[in-house]
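Only the coordinates and a few stated rules stand behind these numbers; no lab work does. These numbers were taken from a predicted model, which means no experiment stands behind them. Cβ: placed from backbone, ideal geometry, glycine included. Neighbour counts: every protein chain shown.
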Amino acid sequence: MNLRSLVINGTDHVEEHTFEVNGGEVTVAIRPLSDGEIHRINTTQQEANVIKGNPVTKKFENVVSISKQLEAKYKGDLLTCELGIVDTPKWTQEDLKKLPAGLPSAIAQKILEISGATKKKEDSKVEENNEVVQQLESFRENN
């Protein structure tokens, strides 16, 4: 498959995923996001990062506001859902804000996962376990 086919077919691919909600289940059709869409989301989520400093003394510090970071993450999740949910009529961010707590975040995580922008939880666990095994083997070799 050439690059153009991959790009065109990639964002047209639709998957259905089931999420647990209030003791029941809901199925949501989602699609992978393009690189440009991922960039928009990352930019939205970075809005909370503020660097203050003095260019003369070249001393800078990253000012962290947890509340601003949480708000930026929430806005990023809403944008991810708005772009990645396949439904008619199209979901707006106002619609998404009315969903049960945690559902937009769960849907956003799955969209990012199928887009290749995050690792699957299972993959992270395997890497973590491999790292522990390597550390144990290194310890054995050195002792």
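Which shape class, rounded, prolate or oblate, goes with region 1-92 when its Cα gyration tensor gives a ≥ b ≥ c as root eigenvalues, a/c under 1.5 marks rounded, and past that a/b bigger than b/c marks prolate?
It comes out oblate by the Cα gyration axes.
Assign one of three labels to region 69-122, namely rounded, prolate or oblate, based on the Cα gyration tensor with a ≥ b ≥ c the square roots of its eigenvalues; rounded applies when a/c is under 1.5, prolate when it is not and a/b is larger than b/c, and oblate otherwise.
Oblate is the answer for region 69-122, as a/c is 1.5 or above yet b/c matches or exceeds a/b.
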Note to self: C-alpha centroids of region 89-114 and region 18-63 sit apart, in Å, by 14
Amide H neighbours of residue 86 at under 5 Å, excluding residues fewer than 5 places away on the same chain, with H built from the backbone geometry, are 29, 30, 31
Interchain or sequence-distant (5+) residues whose placed amide H lies within less than 5 Å of the amide H of residue 21 are 26
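Can you compute the FRET efficiency between residue 43 and residue 22 using 1/(1 + (r/R0)^6), with r the Cβ-Cβ distance and R0 = 30 Å? Round to the nearest 0.05.
E between residue 43 and residue 22, to the nearest 0.05, is 0.35.
Ranked highest first by average number of other Cβ atoms within 10 Å, how do 68-81, 25-38 line up?
The densest-packed peptide leads the list: 68-81, 25-38.
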